[in-house]
Amino acid sequence: MGYITYGHAELDTYLRTHAMGRAGTLCNLKDMLTHVRELAPLWWEHTGAALGALRFTGGFMGNVLSGLFEDDELFISCAVSGIEQLRAELVPDRARRALYGDDHADLLLLNLQFGTFHIADAADSCQFIDGSRRPVAANTIVAMLDIDRSPSWVHPGGFGGDLSGAKTSITTVLTALDQKDAVLNGWRAAIDAR
């Protein structure tokens with residue numbers, strides 16, 4: 001398997017060690033927490049980003065894009081808090097627990113992907129994570145963290161081991177909107193704790 005290299009020794013080593021072909025992977029939420037804590041500061045440094053943003057794609061209706069972050073510490077703490085809150089909300093799924101045991105939430109696989117967004121032209125009024133609107137200079141690099149392929153929701157009465165992908169991609173407790181709200185609540189908790 002050929003690996004993408006970014007020319008950043010620590011970042012490249014981490015990606016090779018964890019068999020990631022690019023700055024992301026399909027993983028459970030427990031592993032995602034580790035990857036975000038380790039990769040996010042390396043990614044921010046590698047990209048030379050001035051700003052950061054988080055995106056969660058929770059199906060058709062559960063999508064959210066954060067305001068802009070000015071520093072990597074708040075970017076990382078919000079990402080971690082959002083993942084922790086989502087995991088905490090998925091744990092009480094009794095239908096999954098009955099089939100897959102107490103660690104059922106850690107069998108769900110989501111996609112984690114780091115990237116960048118280039119703001120080519122100066123913008124007069126961009127939304128920041130603190131709720132303020134401020135100008136952003138032309139040619140600004142934004143470090144991005146995208147989480148997608150979130151679990152699909154089914155009614156507990158219709159859940160079973162014969163559903164395609166049930167073990168790794170279906171929940172009976174959180175709709176797409178509920179997942180988005182869990183992530184948002186995690187982001188807010190990290191901001192309030194600062």
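Considering only segment 103-110, I want to know if a residue exists there that is buried (at least 19 other Cβ atoms within 10 Å of the Cβ) and within 11 Å of the chain's Cα centre (by Cα).
Yes, segment 103-110 contains a residue that is buried (at least 19 other Cβ atoms within 10 Å of the Cβ) and within 11 Å of the chain's Cα centre (by Cα).
Could you please find all residues in segment 169-185 being open to solvent by less than 30 Å² (accessible area, probe 1.4 Å) and not hydrophobic (A, V, I, L, M, F, W, C)?
THR171, THR172, GLN179
Looking only at residues that are assigned to a strand (DSSP E or B) and more than 21 Å from PHE117 (Cβ to Cβ) in segment 16-65, which one is most open to solvent (accessible area, probe 1.4 Å)? Talk me through it step by step, then tell me what you get.
Step one: of segment 16-65, the residues assigned to a strand (DSSP E or B) are 22, 24-27, 51-58, 62-65.
Now restrict to residues that are more than 21 Å from PHE117 (Cβ to Cβ): 26-27.
Values: LEU26: 76, CYS27: 8 Å².
Filtering first and then ranking leaves LEU26.
Could you check segment 47-62 and list, in sequence order, the residues that are modelled with pLDDT of 95 or more, over 16 Å from CYS78 (Cβ atoms) and of a type outside the set (Gly, Ala, Ser)? Don't jump to the end; show me each part of the working.
First, pick out the residues of segment 47-62 that are modelled with pLDDT of 95 or more: 47-56.
Then drop every residue that is not over 16 Å from CYS78 (Cβ atoms), which leaves 47-48, 50.
Of everything in segment 47-62, just one residue is modelled with pLDDT of 95 or more, over 16 Å from CYS78 (Cβ atoms) and of a type outside the set (Gly, Ala, Ser), namely THR47.
Taking the stated definitions as given, is ALA137 out of contact with any Ser or Thr (no Cβ under 9 Å at 6 or more places or on another chain), surrounded by fewer than 19 Cβ atoms within 10 Å (Cβ to Cβ), closer than 27 Å to GLU45 by Cβ and of a type in the set (Gly, Ala, Ser)? Lay out the reasoning, then the answer.
On the way: out of contact with any Ser or Thr (no Cβ under 9 Å at 6 or more places or on another chain): yes; surrounded by fewer than 19 Cβ atoms within 10 Å (Cβ to Cβ): yes; closer than 27 Å to GLU45 by Cβ: yes; of a type in the set (Gly, Ala, Ser): yes.
Yes.
Every residue, every condition in (1) surrounded by fewer than 18 Cβ atoms within 10 Å (Cβ to Cβ); (2) not aliphatic (A, V, I, L, M), yes or no:
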{"site": "MET144", "(1), (2)": "no, no"}
{"site": "TRP153", "(1), (2)": "no, yes"}
{"site": "LYS167", "(1), (2)": "yes, yes"}
{"site": "TRP187", "(1), (2)": "no, yes"}
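Within the bounds of segment 83-92, is there any residue that is buried (at least 17 other Cβ atoms within 10 Å of the Cβ), without any contact (Cβ under 8 Å) to a residue 40 or more places away in the chain and assigned to a helix (DSSP H, G or I)?
The answer is no; no qualifying residue exists.
The values are calculated or read from the model by the stated rules, or taken from the named source; none is laboratory data. In this text, all values refer to a predicted model and were calculated from it rather than measured experimentally. Reconstructed Cβ throughout: ideal geometry from the backbone, glycine too, with neighbour counts over all protein chains shown. Note: areas computed on protein heavy atoms with side chains; ligands, DNA, RNA excluded. Shrake-Rupley method; radii C 1.70, N 1.55, O 1.52, S 1.80 Å.
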